[in-house]
Amino acid sequence: MTEVMIIGGGSGMGLALARTVLAEGMDVTIVGRSADRLAEAQADLSAYGKAAAVPADIGREEDVAGLFERVGRADHVAVTAADVTGVYGPTAGVATEAARAVVDTKLFGAWLVGKYAAGRVTGSITYTSGINAYRPNGANTIVAAANGALASLAYGLAVELAPVRVNVLSPGWVDTPVWDRIGMDRQAAFTEMAERLPARRIGTAEDIARAFTSLMGNGYVTGTVLHVDGGHRLV
Ligand SMILES: NC(=O)c1ccc[n+]([C@@H]2O[C@H](COP(=O)([O-])OP(=O)(O)OC[C@H]3O[C@@H](n4cnc5c(N)ncnc54)[C@H](OP(=O)(O)O)[C@@H]3O)[C@@H](O)[C@H]2O)c1
């Protein structure tokens, strides 16, 4: 049985990926900080199959070490976890602890996954970056930096952990719960962005889930950033 671990699988893109891989008959472990969120996700997923859940904070080494010890082995790991609380806005106004938290979870956490996955993951690791690495807007600089650095991390790990494949999926704007915490008029922003994008719509978590399974399943793709952004980099 193919085992897939989804760190960040309690909501948004990670949860959509969990639905997809369960529906395809794979075994799934979802990981996140909040036990309540994981329990809600397990209830949602029960229509597709039984998902295991492990609470862990990707930014804490002891949690990541314990997670891999507990799960033992996995064919594929997908990482969608990131703490982006309070990091949007001009750099001068962003609290340093918030900036550190996004780097700790998005970049350092990804490195911890590479560290503890060695010898335990056999197929692939896929990280999630984001469009702001390629289209900074003056209000997302530290997130953009963490996202951009993920590509270099994946290139390095793709060489180091070979034949395990390591890739990055870079989403554009996707309608997920993260937007509830960003503090902008989501509907107005989505309408304006949809008009601008060549795809003429905002992405869905399912668009991203399909791209994740494609990266997991294609044995010749490694050390690559796959952009799933509706053409956002072009406009
Ligand atoms: N949505 C977009 O438009 C968009 C665009 C570009 C890039 N992205 C990136 O895509 C990824 C997925 O985002 P999403 O839209 O699916 O957001 P989401 O619904 O907020 O999902 C993020 C998940 O990560 C978990 N998480 C957060 N911090 C964690 C930590 N320290 N350790 C373990 N789990 C943690 C959260 O659960 P807990 O809070 O319970 O831990 C949550 O389930 C993120 O990296 C985000 O930056 C999103």
Acute angle (nearest 10 degrees) that the helix 61-71 long axis makes with the longest principal axis of the chain, alpha-carbon atoms: 50
Under 15 Å from the Cβ of residue 59, count the other residues' Cβ atoms, weight Lys and Arg +1, Asp and Glu -1, and hand me the total. -2
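Would you mind estimating how fast segment 1-156 diffuses translationally, via Stokes-Einstein at 25 °C and 0.890 mPa s with the Kirkwood radius over Cα pairs, in µm²/s? Write out the running numbers ahead of the final one.
Working: Rh = 15.8 Å.
Translational diffusion coefficient: 155 µm²/s.
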How far, in degrees from 0 to 90, does helix 12-23 lean away from the longest principal axis of the Cα atoms of the chain, to the nearest 10? 40
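Using a Förster distance of 30 Å, how high is the FRET efficiency between residue 210 and residue 178, based on the Cβ-Cβ distance and rounded to 0.05?
0.95
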Please tell me the relative contact order of segment 140-235 in percent, rounded to the nearest whole number, where contacts are Cα pairs under 8 Å and at least six residues apart. 40
Would you tally the net charge around residue 49, using a Cβ to Cβ cut-off of less than 11 Å, leaving residue 49 out, and scoring K and R as +1, D and E as -1? 0
List the residues, sorted by chain then number, that are 5 or more residues from residue 229 or on another chain and whose placed amide H is less than 5 Å from its amide H. 172
Express the carbon and sulfur contribution to the solvent-accessible surface of segment 3-234 as a percent, rounded to the nearest whole number, probe 1.4 angstrom. 52
So how much slack lies between residue 39 and residue 195, counting 0.36 nm per residue of separation and subtracting their Cα-Cα distance, in nm? 52.5 nm
Give me the extension gain from residue 152 to residue 185: residue separation times 0.36 nm, minus the current Cα-Cα distance, reported in nm with one decimal. 8.6 nm
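The values are calculated or read from the model by the stated rules, or taken from the named source; none is laboratory data. Remember, it's a predicted structure, so these values are computed and weren't measured experimentally. Cβ sites come from the backbone with ideal geometry, for glycine too, and all protein chains shown count toward neighbours. All accessible areas refer to the heavy atoms of the entire protein, side chains included, with ligands and DNA or RNA removed. Shrake-Rupley method; radii C 1.70, N 1.55, O 1.52, S 1.80 Å.
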